[in-house]
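The values are calculated or read from the model by the stated rules, or taken from the named source; none is laboratory data. Just so we're clear, the structure is a prediction, and the values are computed from it rather than from any experiment. Here the Cβ is made from the backbone with ideal geometry for all residues, glycine too, and neighbour counts use every protein chain on show. Ligands, DNA and RNA are stripped out before the accessible areas are found, and what is left, the full protein with its side chains, is counted by its heavy atoms. Shrake-Rupley method; radii C 1.70, N 1.55, O 1.52, S 1.80 Å.
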Amino acid sequence: MQLKDKTAIITGGAAGIGKGLVRKFVKEGANVLFVDVNEDAGLELEKELGAAAKFLKTDITAERMEEHILTAALENFGGELHILVNNAQASKPKLLLDVEQSDLDLSFNTGLWATWRLMRASYTHLAKTKGTIINFASGAGLEGLPNHGAYAMNKEAIRGLTRTAANEWGHAGIRINVICPGAATEGYKWWRENYADQAKELEAKVPLGRVGDVLEDIAPIVVFLASDASQYMTGQTIMADGGSIMLR
Ligand SMILES: NC(=O)c1ccc[n+]([C@@H]2O[C@H](COP(=O)([O-])OP(=O)(O)OC[C@H]3O[C@@H](n4cnc5c(N)ncnc54)[C@H](O)[C@@H]3O)[C@@H](O)[C@H]2O)c1
C-alpha cells in the first residue's frame, strides 16, 4: 500500500476523477476527507468505503470553507495532514468575447482561489509531515482551447501558483505538482455531448488511442505524486492524457 496511514483531503470527491481518487486512496491505505456540493453522491461513497472515507458537504467557494475542511480532516483522522488534492472545478464554456465577470468568478472561485485558500490553510500541517499537494490543471489551458477562455485562464493561473509554491515551500519539505488529466468523467461526457466535433477532433489525436479511465489511468498517477515514490519531484506539470500534449 503506497499511502498507508496517510491523511488526505480531496475536493470534488463525489464524482468523476475525484470519486476515483477517493476510492484509490482508500485502497492504498489512506484516510480521506472528501468534499463536494453533491450530498447524495458523497454520502453514498462514504457508505461504500467505510471508516477510512469521511464526506463533508461543503461548497469550496464558501467563506471559511478551508477552516471547516481542515478541522474535519484533522479531527476525524488523528490530527495530521499529509496530502491535499485540489481537484474540484466548475466552469461554463463560452467564447472569449462573450465571457462575463460571473463566468470568470465561477472558474476562478472554484479553481484558483479555492486551491490557494486550501494550500495556505494547509501549509503548517503539511510542513510538519513533509506533505504534498496535487493541483489540477488542463490541456485546455496549455493549448488555449477555443470556447474555454475563463477555464483556461484559471487553469494556467493554478500552474503558476504551483510553481511559485514549489519554489517557496520546498525548504519546508512540501512538494506541489500539477496533473492535467484526460478521462471519461461526468464532466467530460457533458462536454463531449455538447461539443461533439471538438471532442472527436481531440480524441482522434490521442497517441494511445483512447480517453483515459479514472481508476486505471489517472488515479495511479495521482497516487504516485502523493507518495514518496515522487519525493524528488516538485513544481512539475504531469500530462495524464494518453500523450495528447507532450511538454518540452
Ligand atoms: N475529465 C477530464 O478529461 C479533465 C480534463 C482536464 C482537466 N480536468 C480537471 O480534472 C478535475 C476533475 O475533473 P472531472 O472531469 O472529474 O470533473 P467533474 O465535473 O466530473 O467533477 C467535479 C466535481 O467537483 C464538484 N464541485 C464543483 N463545484 C464545487 C464546489 N463549489 N464545491 C465543492 N465541490 C464542487 C462537483 O460536484 C463534482 O463532484 C477538474 O479540475 C477538471 O478541470 C478534467
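Quick one: which of 95-102, 177-184, 137-144 comes out on top by average Cβ neighbours within 10 Å, and what's the full order, highest first? The partial results should precede the final answer.
Working: 95-102: 10.9, 177-184: 22.2, 137-144: 19.6.
Top to bottom by mean Cβ count within 10 Å: 177-184, 137-144, 95-102.
Counting only protein heavy atoms and using a 1.4 Å probe, what share of the accessible area of segment 196-248 belongs to carbon plus sulfur, as a whole percent?
Numbers: 1730 of 3210 Å².
Its accessible area is 54 percent carbon and sulfur atoms.
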Accessible area (Å², per residue) of the chain, counting only protein heavy atoms and a probe of 1.4 Å: 48 Å²
Values of log10 I(q)/I(0), in the order q = 0.17, 0.21, 0.23, 0.25 Å⁻¹, for segment 67-148 under a Debye, Cα-only, solvent-free model: -0.75, -0.95, -1.07, -1.19
Ellipsoid equivalent to segment 105-229 - semi-axes via the Cα gyration tensor, in Å: 29, 18, 11
Coordinate range along principal axes, alpha carbons of segment 206-248, Å, largest first: 31, 27, 11
Between 0 and 90°, nearest 10: helix 39-49 axis offset from the chain longest Cα axis: 60 degrees
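Quick check: at a probe of 1.4 Å, how many percent of the accessible area of segment 9-117 sits on carbon and sulfur atoms?
Numbers: 2480 of 5010 Å².
Using a 1.4 Å probe with all protein chains present, segment 9-117 comes out at 49 percent carbon and sulfur.
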Span from the segment 132-162 Cα centroid across to the segment 43-112 one, whole angstrom: 17 Å
Binned Cα-Cα distances of segment 1-43, short to long, each 5 Å bin given as a whole percent: 6, 28, 32, 20, 10, 3
Computed log₁₀ I(q)/I(0) - Debye formula, equal Cα scatterers, no solvent, segment 22-122, q 0.21 Å⁻¹: -1.10
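Pairs to check: K57/K94; K92/K200; K27/K155; K92/K130; K57/K130. Give those whose C-alpha atoms are more than 25 Å from each other in this structure. Could you put the intermediate results ahead of the total?
Details: K57/K94 29 Å; K92/K200 20 Å; K27/K155 29 Å; K92/K130 36 Å; K57/K130 28 Å.
Over 25 Å Cα-Cα: K57/K94; K27/K155; K92/K130; K57/K130.
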Largest-first principal axis extents of the Cα set of the chain (Å): 49, 39, 34
